[in-house]
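K.L.:
Mind looking over this structure? Questions follow.
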Amino acid sequence: MIITGDDASGISEVQHHLSQHFEMKDLGHLSYFLGLEVSQSSEGYYLSQAKYASDLLSRAGVTNTKIESTPLEINCKLTPLDDTPLANPTLY
């Protein structure tokens, strides 16, 4: 179970209450949960599935493949009205 928030005393109260009814163990700061890598900064939490994707590619046996760059600009916003097809969509 993940308990998060900005009220440390409130979190402690919830943990104490739950521990009276259930056997619990505090595992410390969250770093990995259900295939998600979790990083924390002053701005909030960052979730990544990079390890999951890497493991999936390894299991599929496609880790030594040729890398191809994407034809899209970074942070490109696409709409249904964008009708310029890719030159060779099979590459992507």
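The values are calculated or read from the model by the stated rules, or taken from the named source; none is laboratory data. This structure is a prediction, so every number in the text was calculated from the model and none was measured. Every residue, glycine as well, gets a Cβ built from its backbone with ideal geometry; the counts of neighbours run over all protein chains shown. Calculation scope for accessible area: heavy atoms of the full protein, side chains included, ligands and nucleic acids excluded. Shrake-Rupley method; radii C 1.70, N 1.55, O 1.52, S 1.80 Å.
K.L.:
To the nearest 10 degrees, how steep is helix 8-21 against the longest Cα principal axis of the chain, on a 0 to 90 scale?
P.N.:
Helix 8-21 and the main axis of the chain meet at about 70 degrees.
K.L.:
Given Cα pairs under 8 Å that are at least 6 residues apart, what percent is the relative contact order of the stretch 1-61? Before the final figure, lay out each step's value.
P.N.:
Working: 32 pairs, mean separation 10.4, N = 61.
Relative contact order here is 17 percent.
K.L.:
Of the options Ser41, Leu86, Ser54, report the single residue whose Cα projects farthest towards the positive end of the charge dipole of the stretch 33-92 (beta-carbon charges: Lys, Arg +1; Asp, Glu -1).
P.N.:
Ser54
K.L.:
Can you tell me the order of 65-77, 7-19 when each peptide is scored by its average per-residue count of other Cβ atoms within 10 angstrom, highest first?
P.N.:
Details: 65-77: 7.5, 7-19: 11.0.
Peptide ranking by packing, descending: 7-19, 65-77.
K.L.:
Compute the acute angle (0 to 90°) between the alpha-carbon long axis of helix 50-60 and the principal axis of greatest extent of the alpha-carbon atoms of the chain; round to the nearest 10°.
P.N.:
60 degrees
K.L.:
Let me ask something else about it. Ignoring ligands, DNA and RNA, what percent of the accessible area of the stretch 47-92 is carbon or sulfur (1.4 Å)?
P.N.:
Working: 2590 of 4540 Å².
Roughly 57 percent, rounded to a whole number.
K.L.:
Once the Cα gyration tensor of the stretch 6-92 is found, what semi-axes does its equivalent ellipsoid get, as square roots of 5 times the eigenvalues, in whole Å, sorted largest first?
P.N.:
Numbers: eigenvalues 356, 79, 25 Å².
Over the Cα atoms of the stretch 6-92, the ellipsoid semi-axes are 42, 20, 11 Å.
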